[in-house]
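The values are calculated or read from the model by the stated rules, or taken from the named source; none is laboratory data. All values reported here derive from a predicted model rather than from experimental measurement. Using ideal geometry, Cβ is built from the backbone for each residue, glycine included, and neighbour counts are taken over all protein chains shown.
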Amino acid sequence: MGRPPAETAAVASAPAAAAAPDANADGPLPNMELSDELVMRFLVGDIALQRGQPGLAAQTWNDLAKRTHDPRVAKRATEVAIGAGQLNLAMDSARQWIDASPNAVGPQQVMLSLLLRANRLDEAKPHLEALLKAKPQDVPSFFMQMHMLWDKNTDRKAAAKLTEEVTTPYLNLPEAHFARAVAYANIERVPDAIKEVDAAQAIRPGWEPAVLYRVQLMSDQPAQVRVDYLRSALQKNPDSLPIRNALARELVLNRQMKEALQMYNSVLQVQPDNLEALVGSGLVSLEQHDLQTAEIRLNAAVKKSPRTTNNLRIYLGQIAEERNSYDDAIAWYQSVEGDMRDAANQRLIRLYARTGKTDAALALVHENVALTTEQQTQQALLESQIYREAKNYDKAYAVLTAAIAKQPKNADLLYERSLIADLQHNVPGAEADLHKYLELQPGSAQGLNALGYTLANRTDRYDEANGYLEKAVALDPENPVILDSLGWLRYKQNRLAEARDLLTKAYKAMPDPEVGAHLAATLFKLGNKSDAHKVLAEAQKLDPDNESVIAIGQEIGKP
């Protein structure tokens with residue numbers, strides 16, 4: 001089991017070890033005569049810095065710190081050595097600084113930071129303890145962020161040991177147990193980490209950081225177990241919005257969408273601009289096909305945090321597409337930036353093609369030069385899809401044929417060309433490409449399904465089609481695309497009850513226009529004409545230009 005991410009633990013402020021030295025806490029300064037020799041050494045140190053000789057400068061200032069025992073000089077020596085990257089010399093200067101100002105916090109902080117960088121945790125311990133004693137008011141927040149002291153090179157077992165030792169005098173604080181929990185999780189002692197989180201909650205019931213971190217530690221347990229735990233925690237802290245959001249997330253993972261939406265809504269009633277609840281409720285509403293609520297919530301999230309919600313712009317574009325508001329959809333996709341730009345462009349290309357803007361779609365496909373084989377494949381697939389949307393099947397087929405000439409064993413190109421051949425009613429071409437595809441991808445449920453569906457839909461070779469589709473269902477029994485293919489074959493075989501059951505299941509999982517048309521035809525043939533026309537009307541609304549929707553609409557007529 002991987003360790004839970006310590007980085008998600010609550011952080012109050014920057015760690016004490018990274019704080020700037022306290023210039024006013026150095027204590028009394030020594031009364032030392034500034035001799036000519038010392039003046040000369042000061043000049044050597046400064047001139048060396050000015051001339052780009054940081055190593056000489058660091059050594060000179062270190063020597064001055066030893067000669068003067070002045071905390072100001074030692075501080076300067078430490079800073080110069082750090083700037084020069086002379087870690088050992090910096091630690092030596094910091095020791096001089098501590099000796100010159102034994103009661104000051106600043107040098108202890110710097111020394112602690114240097115020792116941690118050097119992974120010398122045993123030596124760091126007394127400095128860390130001194131800092132905690134010097135600033136007791138900062139102890140709780142320090143423990144909450146203690147894990148941030150370690151970098152990727154730190155010995156995590158040594159860090160856990162140091163955490164144990166440093167927190168021992170403070171076990172009356174829940175933050176001390178929290179620090180131990182994170183340290184144990186980082187060395188995969190998850191049961192011990194959970195015990196420490198529970199100890200923190202025993203001191204402070206319903207404490208948010210402990211509750212939220214414990215859920216992370218339970219990542220290998222079933223979602224319902226985490227749901228039950230968060231429900232119990234919420235009873236102890238009913239006003240906690242972070243716990244409500246965490247519970248909503250787990251409910252989503254457990255497919256309890258209705259309750260998840262209620263939980264997100266309860267957060268928004270208290271805090272209408274809560275970003276997590278806006279995003280979560282928007283995505284749940286979208287999944288439940290409540291486009292109005294989804295649009296309102298996701299739009300509000302984008303307005304609240306425009307820089308962190310790039311992916312939401314794609315969802316908003318999809319919502320606009322479903323409403324046939326194509327100009328709005330285009331605007332949303334065009335507004336996407338950064339890492340999500342390629343995904344948005346692919347949606348934009350298809351939308352341009354669907355709305356007859358073929359030239360704009362092609363221009364976007366060729367916006368970047370395809371240098372690698374993978375890029376050339378992707379470009380050919382996108383170009384083919386543009387022509388397919390425009391129902392220019394001959395051009396789509398030609399594009400793919402040219403690409404296959406360069407890459408004759410590219411399975412993706414062969415599969416795509418088989419789909420175009422099917423749309424051309426070119427059964428021999430589709431069948432040949434799918435056989436080649438299955439040679440390259442033996443046992444592919446997708447390939448078996450495509451071949452079986454082509455034979456079932458375009459020929460009367462039902463026994464052959466059945467063999468391919470039965471294999472595909474065995475490989476992927478819940479795939480609605482495959483269930484639709486088998487259901488349509490059963491319709492052709494006049495096994496109508498089986499067809500109805502398969503197509504009903506497929507349409508429920510994937511309300512696709514072609515699946516709806518198949519179900520409508522089956523219901524009509526079974527004599528359930530009212531439901532048949534209702535399903536057909538839904539399919540026509542989804543895509544009135546779909547080939548199957550048109551053909552079956554002509555077959556069963558209007559209600």
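Taking only segment 287-310 into account, find how many residues are surrounded by fewer than 16 Cβ atoms within 10 Å (Cβ to Cβ) and farther than 19 Å from L268 by Cβ. Break it down into steps so the answer makes sense when it comes.
Filtering segment 287-310 for residues surrounded by fewer than 16 Cβ atoms within 10 Å (Cβ to Cβ) gives 287-289, 291-292, 296, 303-308.
Checking which are farther than 19 Å from L268 by Cβ leaves us with 289, 306-307.
The qualifying residues number 3.
Looking only at residues in segment 360-379 that are polar (S, T, N, Q) and outside any helix (DSSP H, G or I), which one is modelled with the highest pLDDT?
Filtering segment 360-379 down to residues polar (S, T, N, Q) leaves 368, 372-373, 375-379.
Then keep just the ones that are outside any helix (DSSP H, G or I); that gives 368, 372.
Details: N368: 73, T372: 87.
The qualifying residue modelled with the highest pLDDT is T372.
Being surrounded by fewer than 17 Cβ atoms within 10 Å (Cβ to Cβ), in contact (Cβ under 8 Å) with a residue 24 or more places away in the chain and not small (G, A, S) is true for just one of Q224, Q201. Which residue is that? Within the list Q224, Q201, the selection yields Q224. Does L503 qualify as being under 35 Å from the mean Cα position of the chain (by Cα) and under 24 Å from F524 (Cα atoms)? So L503 passes the test.
In summary, helices (runs of 4 or more DSSP H) completely within segment 465-559 and bearing 1 or more residues that are within 25 Å of R323 (Cβ to Cβ) and among the hydroxyl-bearing types (S, T, Y) occur at 496-509, 547-556.
Considering only residues of segment 331-359 that are in a helix (DSSP H, G or I) and among the charged types (D, E, K, R), which is farthest from the chain's Cα centre (by Cα)? It would help to see each step written out before you state the result.
Start the filter on segment 331-359 by keeping residues that are in a helix (DSSP H, G or I), which leaves 331-334, 338-354, 358-359.
Among the residues that remain, those that are also among the charged types (D, E, K, R) are: 339, 341-342, 347, 350, 354, 359.
Values: D339: 12, R341: 16, D342: 16, R347: 20, R350: 25, R354: 30, D359: 34 Å.
Among them, the one singled out is D359.
Of all residues in segment 260-284, those being in contact with an Asp or Glu (Cβ under 9 Å, 6 or more places away or on another chain) and either surrounded by fewer than 18 Cβ atoms within 10 Å (Cβ to Cβ) or within 18 Å of A329 (Cβ to Cβ) (or both) number 2. Scan segment 510-525 and tell me whether some residue there is surrounded by fewer than 17 Cβ atoms within 10 Å (Cβ to Cβ), modelled with pLDDT under 95 and not charged (D, E, K, R). The answer is yes; a qualifying residue exists. The residues of segment 413-428 that are surrounded by fewer than 17 Cβ atoms within 10 Å (Cβ to Cβ) and either among the charged types (D, E, K, R) or part of a helix (DSSP H, G or I) (or both), listed by number, are L423, V427, P428. Looking at E188, E175, E196, E165, just one residue is in a loop (DSSP other than H, G, I, E, B), of a type in the set (D, E, K, R) and either within 27 Å of N254 (Cα to Cα) or touching a residue at least 12 places away in the same chain (Cβ under 8 Å) (or both), and that residue is E188.
When residues in segment 220-255 are screened for being modelled with pLDDT of 90 or more and of a type in the set (S, T, N, Q), 1 of them pass.
Can you tell me which residue is surrounded by the most Cβ atoms within 10 Å (Cβ to Cβ) among those in segment 544-553 that are within 20 Å of Q424 (Cα to Cα) and modelled with pLDDT of 85 or more? Reasoning before the result, please.
First pass over segment 544-553, keeping only residues within 20 Å of Q424 (Cα to Cα): 544-552.
Imposing the further condition that a residue be modelled with pLDDT of 85 or more reduces the set to 544, 546-552.
Numbers: P544: 11, N546: 18, E547: 13, S548: 20, V549: 22, I550: 14, A551: 11, I552: 24.
Selected residue: I552.
Of all residues in segment 95-149, those satisfying the criterion of being modelled with pLDDT under 75, surrounded by fewer than 22 Cβ atoms within 10 Å (Cβ to Cβ) and in a loop (DSSP other than H, G, I, E, B) are P102, N103, A104, A118, N119, R120. All of (1) surrounded by fewer than 24 Cβ atoms within 10 Å (Cβ to Cβ); (2) touching a Pro at 6+ places or on another chain (Cβ under 6 Å) hold for K534 with one exception: (2).
Answer yes or no as to whether R255 is at positive phi and under 21 Å from the mean Cα position of the chain (by Cα).
On the way: at positive phi: yes; under 21 Å from the mean Cα position of the chain (by Cα): yes.
It is true that R255 is at positive phi and under 21 Å from the mean Cα position of the chain (by Cα).
Scanning segment 208-263 for residues that are acidic (D, E) and either under 22 Å from A179 (Cα atoms) or in a helix (DSSP H, G or I) (or both) turns up E208, D220, D228, E250, E259.
All conditions in (1) at pLDDT below 90; (2) in contact with a Lys or Arg (Cβ under 7 Å, 6 or more places away or on another chain); (3) within 30 Å of Y213 (Cα to Cα) hold for V336, with the sole exception of (3).
For segment 159-201, a residue qualifies if it is under 27 Å from A130 (Cβ atoms) and charged (D, E, K, R), and the qualifying residues are K161, E164, E165, E175, R180, E196.
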